[in-house]
Each structure stands twice: as structure tokens, then as C-alpha cells.
1. Please list 154-161, 172-179, 128-135 highest first by mean number of surrounding beta-carbon atoms within 10 Å per residue.
2. If you rank M153, M313 by fewest surrounding Cβ atoms within 10 Å, what's the result?
3. Along the Cα→Cβ direction, 7 angstrom out, place labels at C269 and S186. What is the inter-label distance in nm?
4. When a footprinting reagent is the concern and you count Cβ atoms within 10 Å, what order do R249, R32 take, fewest first?
5. Summing +1 for each Lys or Arg and -1 for each Asp or Glu, what net charge is found among the other residues whose Cβ lies under 10 Å from the Cβ of P194?
6. For K50, go through the lysines and keep the ones whose alpha-carbon is under 29 Å away, minus same-chain ones fewer than eight residues off.
7. Which lysines, on any chain, are close to K229 with Cα under 26 Å apart, when same-chain ones fewer than 8 places away are left out?
8. Ranking request for peptides 59-65, 330-336, 216-222: highest mean number of other beta-carbon atoms within 10 Å first, then the rest in descending order.
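What follows is calculated from the coordinates using simple rules that are stated; it is not laboratory data. Because the structure is predicted, anything quoted here is derived from the model rather than measured. So basically every Cβ, Gly included, is an ideal-geometry build from the backbone, and we count neighbours across all protein chains shown.
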Amino acid sequence: MKDLLKKVEELKSEIESDINVINNADNLEQFRIKYLSRKGIINSLFEELKTLDASVKAQVGKELNLLKRDTETIYQSLLEKYSEKTEFKIEDATLPGRIYNIGTKHLITQALEDIIKIFVKIGFKVYDGFEIEDEYHNFDALNTPEHHPARDMQDTFYLNSEGKDKRYLLRTHTSPGQIRVMESQSPPVRVIVPGKCYRNEAISSRSLAMFHQVEGLYVDKGVTFRELKGTLDYFAKEFFGKNIKTRLRPSFFSFTEPSGELDVECYLCNSKGCRVCKYTGWLEILGCGMVDPNVFEYVGYDPEIYTGYAFGMGIERTLMIRHQVPDIRMFYENDIRFLKQF
Ligand code: PHE
């Protein structure tokens, strides 16, 4: 028995010194064959163990088992260290790396932020309206009578049918924001209302069922049409560049009187006339006008004391002109090749 116990002790130190020189997968494998394989040294000692007396078998067996377990544990950890799988090899350090697309703000968000900055610089505050509105704020209080075509089912997404309850809808423009602001504060007010609008439109290269507008409203004593024109000129120069040509054309909106539309020169034909501008040389970007006295009556402002102007611009339209985007749908297809350019 003494002999075998001594052999186990000797084996232990032999294993230890062998472990110290292992430095790659090859000599680790040799180590495994020498000690841990079926015909390895540890197993051969187990064979010898069988010949011992039962009285001493237990003690030597215990030592031998411990040695086997420790050796296996060390082997496993070295295997992980040296195995092919975890070895890190650089095949060709000159290969180009992977290209990741880093997220940026969407073009529409960037434009809204630009527009907000332009108006904040001249004293406008930002008001967040509601995307779900009621008929009163979207139409009635904006002096749009009951049988006005804009209220038609074909244009407006109604959320409930007519009944004794209030009728809700998805706002068709940001103008109800004007009413909300005037209801909640007295003049002077100078705000812009950016946000999403919805119309039940046939989808085409020029229109979508969801789009963005920025509304503007300025009410005080003695506000004039001239100030409206000056503000819009300032905006166009800041947004499109100093050399942009604009024109103001008479128009009609039920909540402004007089009303106008602002056109900028057509980017495609340099105002010479083409299909995009329908041979006029101009593209419309916003509607505007002096707030109709009837609207002031709805919100409780005295039209004898106050005047004001309002405007509402379409963001997608405006961006199509600034960046020469040929199809409005490109804003929402999320094609990385398009978005990356901004
Ligand atoms: N709300 C109008 C539209 O959607 C635009 C507008 C806003 C016109 C404010 C005049 C004043 O077309």
C-alpha cells in the first residue's frame, strides 16, 4: 500500500511540473494522452488499486480520485485557453472594416427644429396642439360653416359618427391650435404650432394622408398685413437662402380675411415653367392672412381692439422644394440611401 500511495504523491508533482510547461494546444493534448486517456498513467494506477486489500483501498482510492479530479479541472481550463475556437486570428488586417449606420434625426424632425429656431429668434413661442380634435376647434371656431366642403367625409378622418356626443376627428390642419391658444390666453399672443395633420387623400407623389404643418399666429393691437409679409419674407430667406424669390398671391380661407398664399420659385425649372409647377414657375408653400373678426368673436377677443395675422405651411412640400425631392413618399419609405443625405 505504501508503494502505491508514494506513487500517487510522485505523480502529483510530475503532473504539476508538466502543467507548468504547457503553452499550446499540441502539448496540452500530449498531456491529456499521458495522464487522462484510457491508457494514461492515472488509469493505470486505478488498475493497480484493484489489487490492494480492501482495508487500504479506500485511503489510496480517495487520494487517486482527488488527483484525477484536479487534473481534469486544470485540463479543461487549459483546453478553453488553447482551443482553436477561442484563438483570435487576424486573417487580413488590411480588409475594410464593417460599416455601421449611425442613427440621425429624420429630415422632417430636422426641418421642424430649423423652422422653430427661425421663429423663436423673432419672439414666437411654441405651442403643442392636439392631433385628435373636435369639430368645433377644427372647423366651427375657424369660421368654417357646417356645409363647407372641407368638412366632407372625403377629406376628414372622423373618429365617431354624428350624434348627441361631440364629434371627434384627426385634425386636418394645425389651425385649431390658433383657437386653443386664444382660448387660453389674452393678447398679445405670438406662437407657432408644429405638428402632424391628417387628410383622407388619394396617395400620390404630391400628397399623403399624414403630413406636417407649422401654424403661426400673432395677435396684438395694430398688427398689419405688412408685418405678415415682412415675417414671411424673413422666414423664406432664412430657410431657403438669401436669394430666394417669393410672391404673395390672393387666396381664400374662411378664417382669414384678406387671405393669401406664398409661392417660392420653382426649383426644377428656375421659374421658367415645367410640369411640377404646372407651367407657372412658382410653387405654393403656405396659406396666410389676417385673422377673420368672426374668429375673434369665437374666442372672446374684441375685434375692435385687436388685429392679427396667421399662416400655415406644409413641411413636406417646403422640404421638397428646398432639397429637390421629386416624390413626397420618399420621406416615409425609410430608405437609408435617401435619409443618409440629410
Ligand atoms: N390651415 C390652412 C391649410 O391647411 C392654412 C392656413 C393657416 C391659412 C393659417 C391661413 C392661415 O391650408
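1. Details: 154-161: 12.9, 172-179: 25.4, 128-135: 16.8.
Going by the mean number of other Cβ atoms within 10 Å, highest first, we get 172-179, 128-135, 154-161.
2. By the 10 Å Cβ count, ascending: M153, M313.
3. Roughly 5.3 nm, to one decimal.
4. Values: R249 12, R32 16.
Final ranking by Cβ density, sparse to dense: R249, R32.
5. -2
6. Output for K50: K2, K6, K7, K12, K34, K39, K62, K68.
7. Within the straight-line limit of under 26 Å, K229 reaches these lysines: K117, K121, K125, K196, K221, K237, K242, K245, K272, K278.
8. Numbers: 59-65: 15.9, 330-336: 12.6, 216-222: 18.6.
Ranked by mean Cβ neighbours within 10 Å, highest first: 216-222, 59-65, 330-336.
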